[in-house]
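Visitor: Sharing a structure, written as structure tokens. Questions coming.
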Amino acid sequence: MLLAMFRDARVCLFAVGFVSLAAIAQAADPPGKLMLKTERVIAFKDGYCLVIKRGEAAANEEGQLYLDDVPDAAVLGSFWATPTQGRLVNMVAGWKEATEETEQDFLCKETIELLLANQGRPAKVEMHDKTLLSGTIHEVLVERAQAPFPVGAVANFILRTDDGDVMLPAAQVRSLTVKEMNTRLPRTVTTSRRTKRLTFQFDEARQKQELRLIYFRPGVRWIPTYRVDLGDKNAKKTAQIELQAEILNEAEDLADVPLDIVVGVPNFRFRQTPSPLVLESVLRNALLDSDPNLMGNGINTLSNAMYSQRSSEFRRDAAMANAQAQQGTIDLPNELKAAGTQDQVVYHLPKLTLGKGERAAVPIFKAVAPYRDIYTWDVHVQRPDIDAAPSGAGLQSPLTLAKNEVWHQIELTNSTNVPWTTGAALIMQGQQPLSQELLTYTPQKNEVRVPVTVSVDTRGSFSEKEVGRELNSLSWAGYAYARIDKLATLHLCNNKPVAIETEITLRLGGKADQASHEGAVTLGAFDAADWVQYQGHPAVNNSSRIVWRVKLQPGETFEPTVKYHYFTRN
């Protein structure tokens, strides 16, 4: 019976304690405090992302919700708060000053601190006059109850002895002996904190409100990487292609968040300008920083300190903000950075937990793509202008060629229903790595060429000879020009044991008049890349491009020729 009563009493006490704790917890969380959960992140290749958050809470008696977890970065014009019901009157960003008291243990450095730390314990005290006393430290009398004590503070303590209580001055204690002496003293430390706060004002008070917050910010980047397996050499010409996203998070912690990655980049004119609502340390005139013409020249006459800063300060702050936004991200080669001309295609990834500063690799798709081998030889003739060429034995040849190399490439066909974005591609054949190259943006049903390696069994040679010269053939802008006619010959031999498909491209300065073997001739305007120290007028010379496509059997040789002419000053 008594045991049952005791159990009931314990249950009642536990229930009362639980209710009290719940009431305290509820009281500690004031009304109007909004907690947001990240609902989705949409990441782009250029290192920016769109963050979507959602939360709900009851507004306080003034009709306000507030948020202390303010984003540390957002692009101007992209910071939006949208309620699902009711009307949002305004959103105010500001700073909140708060003090916080915490209990911390500190090492005792003064006698008075040791007396306080060992109050109620037996001690032996030796005074400066060598008087020895034994008793219990009963009470410490000091002007200030908490350490640290001011210089010159008057402190006494009462030592309870067998003969009675003795009040002694703490400053006269020569030595203090306490068994297992406590040398640390708890102290209340008051700290001040300055935190950001967003306040959302609604029409109605004490009403439950659901709010969605979106903003565009730097800090999350995805890098596409491909693995292309060509399979068995004797099998059908199909390759297995896999795409994975390497994700870098330098923005904020993501906990079980759906992540969308986008092929292509949105056009954000003010992406380098932070929104004033994120309250960065140096507040700038956001519109003037983005486009001075938007605000006019009279901006410097405003008395507001935010608008009176010098233009050099704007540029400095913008550079600092940009550097901070890029902090922690790797420096990618230009060809791996997104191009704004691509259409936007979204890959929906599973939910991801990724802390700030962490990286992840997520598979996106695996597909089979048909391909063909092609051997390409690009010949670019770069000719010194005769009028500008240096004299003497230093000029070894009037002709400069790029490396005389035939490249083995694969031409992949995108047979999937999504475009392939630009990314690094590792090309394998089974377990054998062949190369790593760049796979460029490829729409559906289109082809893309990826270089594999230089073909050592297929090499070419180039030669040319002059077949005509006519001085004073042309007069232009007060100068006389000579016409030089030449015959160029290319020699390509297939030393492989199998037939190969080849594509030969010849570029040169001048006009191609005739190409053998049905070479396709394309004439263009003058191109400075065809010449070294060109001194003539650009109007007198074309740029020619000739392409041959031919299949070569093992041991077969292909020798196309081109007749062309160009003009140079007499």
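The values are calculated or read from the model by the stated rules, or taken from the named source; none is laboratory data. Quantities reported herein were computed from a predicted structural model and do not represent experimental measurements. Cβ sites come from the backbone with ideal geometry, for glycine too, and all protein chains shown count toward neighbours. Just so you know, the surface numbers come from the protein's heavy atoms only, side chains and all, with ligands and any DNA or RNA stripped out. Shrake-Rupley method; radii C 1.70, N 1.55, O 1.52, S 1.80 Å.
Visitor: For the range 536-550, how many residues meet the condition of being outside any strand (DSSP E or B) and either in contact with a Ser or Thr (Cβ under 7 Å, 6 or more places away or on another chain) or open to solvent by 40 Å² or more (accessible area, probe 1.4 Å) (or both)?
Guide: 5
Visitor: For residues in the range 232-272 being assigned to a loop (DSSP other than H, G, I, E, B) and open to solvent by less than 10 Å² (accessible area, probe 1.4 Å), which is modelled with the highest pLDDT? Before you say what the answer is, go through the steps one by one.
Guide: The first filter runs over the range 232-272 and keeps only residues assigned to a loop (DSSP other than H, G, I, E, B), leaving 232-237, 250-253, 264-272.
Retained after the next criterion (residues that are open to solvent by less than 10 Å² (accessible area, probe 1.4 Å)): 251, 264.
Working: Ala251: 92, Gly264: 76.
Checking each candidate, the answer is Ala251.
Visitor: Also, I was wondering about something else. Exactly one of these conditions fails for Ser192: (1) over 30 Å from Val278 (Cα atoms); (2) modelled with pLDDT under 90. Give me its number.
Guide: (1)
Visitor: May I ask you to list the residues in the range 381-425 that are modelled with pLDDT of 55 or more, closer than 30 Å to Val498 by Cβ and not in a loop (DSSP other than H, G, I, E, B)?
Guide: Within the range 381-425, Val406, Trp407, His408, Gln409, Ile410, Glu411, Leu412, Thr413, Trp420, Ala424, Ala425 meet the criteria.
Visitor: For Ala528, are the conditions met, namely being in contact with a strand residue (DSSP E or B) (Cβ under 6 Å, 6 or more places away or on another chain) and open to solvent by less than 80 Å² (accessible area, probe 1.4 Å)?
Guide: Working: in contact with a strand residue (DSSP E or B) (Cβ under 6 Å, 6 or more places away or on another chain): no; open to solvent by less than 80 Å² (accessible area, probe 1.4 Å): yes.
Taking the combined requirement at face value, the residue does not satisfy it.
Visitor: When the range 89-139 is examined, which residues are found to be open to solvent by less than 50 Å² (accessible area, probe 1.4 Å) and of a type in the set (Gly, Ala, Ser)?
Guide: Ala93, Gly94, Ala98, Ala117, Ala123, Gly135
Visitor: Looking at the range 44-60, can you tell me whether even one residue there is surrounded by fewer than 10 Cβ atoms within 10 Å (Cβ to Cβ), out of contact with any strand residue (DSSP E or B) (no Cβ under 7 Å at 6 or more places or on another chain) and either modelled with pLDDT under 90 or not small (Gly, Ala, Ser) (or both)?
Guide: Our first condition is that a residue be surrounded by fewer than 10 Cβ atoms within 10 Å (Cβ to Cβ); within the range 44-60, this holds for none.
Scanning the range 44-60 turns up no residue that is surrounded by fewer than 10 Cβ atoms within 10 Å (Cβ to Cβ), out of contact with any strand residue (DSSP E or B) (no Cβ under 7 Å at 6 or more places or on another chain) and either modelled with pLDDT under 90 or not small (Gly, Ala, Ser) (or both).
Visitor: Further, regarding this structure: Given (1) in contact with a strand residue (DSSP E or B) (Cβ under 9 Å, 6 or more places away or on another chain); (2) under 21 Å from Thr84 (Cα atoms); (3) loosely packed, with under 14 Cβ neighbours inside 10 Å, where does Ser192 come up short, assuming only one miss?
Guide: (2)
Visitor: Give me the pairs: first residue in the range 155-167 and free of Cβ contacts under 8 Å to residues at least 24 places away in the same chain and closer than 17 Å to Lys124 by Cβ, second residue open to solvent by 30 Å² or more (accessible area, probe 1.4 Å) and assigned to a strand (DSSP E or B), beta-carbon distance under 6 Å, and six or more apart or on different chains, which are they?
Guide: From the range 155-167, the pairs are Ile158/His138; Ile158/Glu139; Ile158/Asp165; Ile158/Met167.
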